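*Asks:* Have a look at this one before I ask anything.
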Amino acid sequence: MELTEAIKTRHSVRKYTDQPIDTAKVAILRAELEKWNAGSGLNMQLVLDEPKAFSTGMWRYGQFSGVKNYFVMAGPAGKAAGEKIGYYGEKLVLLSQTLGLNTCWVGLTYKKIPGTYRLREGDKIHCVIALGYGTVPGVQHPMKPADGFYEPEGPKPEWFMAGLQAAMLAPTAVNQQKFKFILHEGNQVEAKALFSMAGYTDIDLGIVKCHFEIGAGEQNFTWV
Ligand SMILES: Cc1cc2nc3c(=O)[nH]c(=O)nc-3n(C[C@H](O)[C@H](O)[C@H](O)COP(=O)(O)O)c2cc1C
């Protein structure tokens, strides 16, 4: 499956079967994760067969069940690191989708289980991403009209609109979609996070930038 196809078929999945993730798929995910950690300074980790993080009855939001595998999205604190968490986490999400696995970003409704992950000096856990074989493929989230997501008004190049469509399909916290893409002279694109009471806008920004790059084609533009 191509990444453009993964963008269209990915939806948040909160209920998982008992099927363990094949060792070949785990090896692919771990290899990419290590490569992306090395390039980004993040400390993302894959935890397998660990049901406690999602077993509490305390949280009802999201209705998770059967979650035993998840990515711990750890790294330095701060806005820049938050954006990287979103960008590289979404690369893991889309890679998982191409491998026939389902995912869900989780900011709130999980427990940190000491001993299942390692933090370096200064690291924090920004969030986790549930992973596994879903009992359902998930559903398409509602979308706001495309013209609210870009500036300036008026016709735009095909690659820009393809990037925007991909970004609109991206997961964002509580589906808030608080982002905007601005096209500048010389095919330069600026991506902006807008204010939100719910937070998580730095992570969301990294996620939508990951989708925009895939949709638009990295060769067609440069980030401001
Ligand atoms: C940073 C972030 C945090 C999220 N936290 C939660 C969460 O705590 N619980 C939950 O059920 N879903 C959570 N989600 C999933 C969003 O609700 C979901 O992505 C959004 O509704 C869009 O739906 P989709 O992913 O199916 O396209 C989170 C998503 C993101 C990007």
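Every read-out reported here was derived from the displayed coordinates using simple, explicitly stated rules and does not represent laboratory data. Not measured: the values here are computed from a predicted model. Note: ideal-geometry Cβ built from the backbone for every residue, glycine included; neighbour counts use all protein chains shown.
*Asks:* With unit charges on the beta carbon (Lys/Arg positive, Asp/Glu negative), name the residue among 199, 113, 46 whose Cα is farthest towards the positive pole of the charge dipole of the chain.
*Replies:* 113
*Asks:* Magnitude of the Cβ-charge dipole of the stretch 66-224, K/R +1 and D/E -1, about the Cα centre, nearest 20 debye?
*Replies:* Dipole about the Cα centre, nearest 20: 780 debye.
*Asks:* Below 8 Å between Cα atoms, with a sequence gap of 6+, how large is the relative contact order for the chain in percent?
*Replies:* Result for the chain is 25 percent.
*Asks:* Let me ask something additional. List, in the order given, every pair from 8/124; 8/180; 124/178; 111/144; 35/111 whose Cα-Cα distance in the structure shown is over 22 Å.
*Replies:* Violating the 22 Å limit, Cα to Cα: 8/124; 124/178; 111/144; 35/111.
*Asks:* Still on this structure, please answer the following. Which residue, 29, 67, 81, has the largest displacement toward the positive end of the dipole of the chain when charges sit on each Cβ (Lys, Arg +1; Asp, Glu -1)?
*Replies:* Projecting each Cα onto the dipole axis, the largest value belongs to 67.
*Asks:* Explain nothing, just the number: relative contact order of the stretch 146-223, from Cα pairs under 8 Å at least 6 residues apart, as a whole percent.
*Replies:* 38 percent
*Asks:* Is the shape of the stretch 3-132 best called rounded, prolate or oblate, per the rule: a/c under 1.5 gives rounded, else a/b larger than b/c gives prolate, else oblate, with a ≥ b ≥ c the square roots of the Cα gyration tensor eigenvalues?
*Replies:* rounded
*Asks:* Please express the Cα-Cα pair-distance distribution P(r) of the chain as a list of whole percents, one per 10 Å bin, running from 0 to the bin with the greatest distance.
*Replies:* Going from the shortest bin to the longest, the percentages are 8, 34, 37, 17, 4, 0.
*Asks:* To continue, here is another question. Treating only the Cβ atoms of Lys and Arg (+1) and Asp and Glu (-1) as charged, compute the dipole magnitude of the stretch 146-223 about its Cα centre; round to the nearest 20 debye.
*Replies:* The dipole magnitude comes to about 200 debye.
*Asks:* Counting Lys and Arg as +1 and Asp and Glu as -1, each charge on the Cβ, what is the dipole of the stretch 3-132 about the Cα centre in debye, to the nearest 20?
*Replies:* Around 320 debye, computed over the stretch 3-132.
*Asks:* Next question, about the same structure. Considering only C-alpha atoms, what is the centroid distance from the stretch 1-47 to the stretch 119-155, in Å?
*Replies:* Using only Cα atoms, the two centres lie 15 Å from each other.
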